[in-house]
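Here is the structure we will look at.
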Amino acid sequence: MATTEAGIAPRPDQAGLTPLLEVEDLRVEFRTRDGVAKAVNGVSYTLHEGETLAVLGESGSGKSVTAQAIMGILDTPPGFVTGGSVRFRGQDLLALPDDERRAYRGRSIAMIFQDALSALNPVFPVGWQIAEMYRVHEGMSKKDAKNRAIELMEQVHIPAARERAGDYPHQFSGGMRQRIMIAMAIALDPDVLIADEPTTALDVTVQAQIMQLLADLQRERNMGLILITHDLGVVADVADKIEVMYSGRIMEQAPVHDIYASPAHPYTKGLLESIPRVDLKGQELSAIKGLPPNLTNIPAGCEFRPRCPYARDICKEQRPALAEVVPGRFSACHFAQEVLDGDIEPAQQ
Amino acid sequence: MVTSNPPSSDVVLEVDNLVKHFPLTTGVVVKRQVGAVQAVDGVSLQLHKGETLGIVGESGSGKSTLAKLLMRLEEPSSGKTYFHGQNIYDLQGKALRELRRNIQIVFQDPYSSLNPRMTVGDIVGEPFDIHPEVVPRGQRRKQVQELLDVVGLNPEHINRYPHQFSGGQRQRIGIARGLALRPEIIICDEPVSALDVSVQAQVINLLEKLQDEFGLSYIFIAHDLSVVRHIADRVAVMYLGRIVEIGSEAQIYEKPTHPYTQALLSAVPVPDPSVRGQRQQIILSGDVPSPANPPSGCRFRTRCWKATDKCAQEDPELTVRPGSDHESACHYAAVREDVVIQH
Ligand SMILES: Nc1ncnc2c1ncn2[C@@H]1O[C@H](COP(=O)(O)OP(=O)(O)OP(=O)(O)O)[C@@H](O)[C@H]1O
Ligand SMILES: Nc1ncnc2c1ncn2[C@@H]1O[C@H](COP(=O)(O)OP(=O)(O)OP(=O)(O)O)[C@@H](O)[C@H]1O
Ligand code: SF4
Ligand SMILES: [Mg+2]
Ligand SMILES: [Mg+2]
């Protein structure tokens, strides 16, 4: 399928190497009372050692669900993987029985969860929860595990870590809980780290420290990082390449510099234009009008069409495949080239 | 002074030296108090009608605790908050219910703040149970659907449960609920940090529109300094339980005088990969001090590049400093412009 192969072109310098992670044509649906919600509809990407892939996209576009499917922690039922593969160093994880798969979790692929509070157990002290990782996975003694846990809390800049290791999740601020989650995710030294909004609750100075910590880990251990975030500033700072998701599909994929310089998809363009800018203070922010499609009833044609300022007749009839626009850049828009060149006017309404 | 101080009749909320200390205990079975987390330690501020006060600052500096104190979801250790001239910590019964109607909060965490066993319709409509006088029973469903529509959710999804929505969608549910009772003040605790920039723009436009329409006052807590800059009229910067600098949006963003504010502004990531690594960023060295054991004198001194002996001995007051026209709590407050965000 051209649609999916387009998404897995390796970086030239990495060509020939087995990627760390290859997601191919991944599909996930939720069978709910209101119908079948198609949350992930053929997502493909590759991640190499030491690489940072940023995943951007509308809230509800399937970023977290994709990550959950990769991790094997999908809420099943109602969620089901209905197609595709997730290969870690060539091994298809989706083909493994549960118990074998579990061995990859935390060690090979770890995840920082978006909802820090609900991912932490409210009835155990946070230090204990981190230490538990070392006891269970590495068979450390209680004392060693506790000391490692405190070290890790210090590494993620929790003040007075030793004194506060016995505190419960609700006693920490939002940003502190987020850092506890980060500590748990990096505890076992994973090869791939999926960071789902890892710094949203952090002030920018702590955010800078955490991103630095992740960058160091990445360099030292050649870790691959999948960064799911809404923060276009952070993405500009750290990403190698970007995937932009909408309605469960990848709409655009490109190296970081290219996307910011000239987006090749109207949705990406809309996103970049929504960033608040100093010179626009006092004015209404530019926003993409309308709502994302209902996933139980995705319209024919381009998923973005009802909100797209450039939509033409063809957009209603044909769903654009993710295709290469210029070498290394992919976009799922019938007018990708025109959007890229800035050579298209909004359609008459 | 550049900051216009509107006549005091304009003040809807006045916070006077608010303090909240949480006891710190050890021992699993027998708890023993070994100290206190000084989450909020002497905060004073005013909120005017129709204005947006942005609050930014260190994670763990007490912003959410302050928000909860203002809502009276927490009781202060000391200090007062006046709402239309009445100290809210004295209110009881009907007067307290009235207060809770007039001050609403939209929470930071769109996951844990919504009851997973209630439908969206029940969540958004719940305030009407407590305040049945606002909307007649027969009108409720329609009103809830209107609210969902206002915040950009599909009104047909009224019977769904929170887990069926994405993080950003859940945040809009919280905003719809906050709006239900048409309050005077809405405290937004990171209302848009879970949203993508385009939805974020919608929500901010929405908040601004509602403000114009109903004369709402907002306290807007956020980590995204560009967003705060866009929406706020005035900005307070918090560090370790205290306000270290406060002024108009232009004063804080263009003429910051406190070293912490300057460090904060310098760390804002720029949405432009071509300037990666080129910005001069002030790196704060030193550990983040524990709020249970804050440094003597200036609380920022352990991480401040300007600190002297004086800073360890004398607690700098939040006051207008020479060479600038807004309040700053630094002995050596001085305008610094090279950290200003250019984009
Ligand atoms: N347990 C579930 N049951 C039913 N639908 C679900 C469930 N979990 C997720 N969904 C749906 O799947 C879609 C994708 O959700 P997902 O959490 O991946 O979004 P996201 O891109 O991570 O958004 P955000 O940026 O807001 O976190 C959403 O429309 C959501 O409503
Ligand atoms: N219930 C509690 N018990 C003990 N300590 C608490 C409690 N609630 C908050 N704290 C502490 O008070 C301090 C301030 O927390 P608060 O949540 O107000 O910070 P914040 O400024 O909102 O941070 P963030 O930006 O990370 O959300 C933190 O040190 C926190 O651990
Ligand atoms: S008072 Fe001293 S320690 Fe505090 S910010 Fe100013 S210079 Fe730094
Ligand atoms: Mg998500
Ligand atoms: Mg908070």
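The values are calculated or read from the model by the stated rules, or taken from the named source; none is laboratory data. Keep in mind it's a predicted model, so treat the numbers as computed, not measured. Don't worry about glycine lacking a Cβ; one is built from the backbone with ideal geometry, like all the others, and counts go over all protein chains shown. Heads up: the accessible areas ignore ligands, DNA and RNA and are worked out on the full protein's heavy atoms, side chains in. Shrake-Rupley method; radii C 1.70, N 1.55, O 1.52, S 1.80 Å.
For the reader, a short list of remarks on this structure follows.
- Listing of helices (runs of 4 or more DSSP H) fully contained in the range B:60-167 that carry 1 or more residues being free of Cβ contacts under 8 Å to residues at least 40 places away in the same chain, of a type in the set (A, V, I, L, M) and surrounded by 14 or more Cβ atoms within 10 Å (Cβ to Cβ): B:93-102, B:140-150
- Within the range A:230-249, the set of residues being closer than 29 Å to residue A:29 by Cβ and open to solvent by less than 10 Å² (accessible area, probe 1.4 Å) comprises A:235, A:239, A:242, A:243, A:244, A:245, A:246, A:247, A:248.
- Selection of first residues in the range A:180-204 that are in contact (Cβ under 8 Å) with a residue 24 or more places away in the chain and of second residues that are in a loop (DSSP other than H, G, I, E, B) and charged (D, E, K, R), restricted to Cβ pairs under 6 Å at least 6 apart or on distinct chains, gives the following pairs, ordered by first then second residue: A:188/A:107; A:203/B:58.
- Residue A:211 fulfils the conditions (1) open to solvent by less than 40 Å² (accessible area, probe 1.4 Å); (2) in contact with a Leu (Cβ under 7 Å, 6 or more places away or on another chain) except for a single criterion, (2).
- The range B:13-47: number of residues that are more than 14 Å from chain A (Cβ to nearest Cβ), buried (at least 19 other Cβ atoms within 10 Å of the Cβ) and farther than 30 Å from residue B:266 by Cβ: 1
- Leading residue by the ranking (nearest to the other protein chains (Cβ to nearest Cβ)) among those in the range B:147-170 that are in contact with a helix residue (DSSP H, G or I) (Cβ under 6 Å, 6 or more places away or on another chain) and hydrophobic (A, V, I, L, M, F, W, C): B:153
- Residue under evaluation residue B:238, criteria (1) in a strand (DSSP E or B); (2) within 14 Å of residue A:233 (Cβ to Cβ), criterion not met: (2)
- Residues within the range A:167-176 that are surrounded by fewer than 21 Cβ atoms within 10 Å (Cβ to Cβ) and either in contact with a helix residue (DSSP H, G or I) (Cβ under 6 Å, 6 or more places away or on another chain) or in a helix (DSSP H, G or I) (or both), tallied: 2
- Counted residues, the range A:298-316 - those being open to solvent by less than 30 Å² (accessible area, probe 1.4 Å) and in contact with a Ser or Thr (Cβ under 8 Å, 6 or more places away or on another chain): 2
- Condition check for residue B:127: more than 25 Å from residue B:59 (Cβ to Cβ) and either in contact with a Leu (Cβ under 6 Å, 6 or more places away or on another chain) or within 16 Å of ligand 2 (Cβ to nearest atom) (or both): yes
- Residue match in the range A:249-257 (condition: at pLDDT 90 or above, in a helix (DSSP H, G or I) and closer than 22 Å to residue A:331 by Cα): yes
- Matching option when the condition is of a type in the set (Asp, Glu) and modelled with pLDDT of 90 or more, among A:243, A:197: A:243
- Total residues in the range A:258-279, condition part of a helix (DSSP H, G or I) and more than 8 Å from chain B (Cβ to nearest Cβ): 8
- Test: residue in the range A:317-326 that is assigned to a loop (DSSP other than H, G, I, E, B), more than 30 Å from residue B:160 (Cβ to Cβ) and open to solvent by 70 Å² or more (accessible area, probe 1.4 Å): yes
- The single condition among (1) in a helix (DSSP H, G or I); (2) crowded, with 22+ Cβ neighbours inside 10 Å; (3) not β-branched (Val, Ile, Thr) that residue A:193 does not meet is (1).
- From A:53, A:74, residue being modelled with pLDDT under 95 and either away from ligand 2 (no atom under 16 Å from the Cβ) or open to solvent by 30 Å² or more (accessible area, probe 1.4 Å) (or both): A:74
- Among all residues of the range A:280-297, there is at least one that is more than 8 Å from chain B (Cβ to nearest Cβ), away from ligand 4 (no atom under 16 Å from the Cβ), open to solvent by less than 40 Å² (accessible area, probe 1.4 Å) and at pLDDT below 90.
- Which listed residue, of B:283, B:252, B:246, is within 16 Å of ligand 3 (Cβ to nearest atom), open to solvent by 10 Å² or more (accessible area, probe 1.4 Å) and under 27 Å from residue B:81 (Cβ atoms): B:246
- Residues located in the range B:98-109, provided they are modelled with pLDDT under 90 and either touching a Pro at 6+ places or on another chain (Cβ under 6 Å) or under 18 Å from residue B:159 (Cα atoms) (or both): B:106
- Taken over the range B:254-271, the criterion of being facing chain A (nearest Cβ under 8 Å) and in contact with a Leu (Cβ under 9 Å, 6 or more places away or on another chain) is satisfied by B:263, B:264, B:267, B:268, B:269, B:271.
- Helices (runs of 4 or more DSSP H) (entirely within the range A:86-142) containing at least 2 residues that are open to solvent by less than 50 Å² (accessible area, probe 1.4 Å): A:116-119, A:126-138
- So residue A:180, is it among the hydrophobic types (A, V, I, L, M, F, W, C), farther than 21 Å from residue B:295 by Cβ, within 14 Å of another protein chain (Cβ to nearest Cβ) and surrounded by fewer than 23 Cβ atoms within 10 Å (Cβ to Cβ): no
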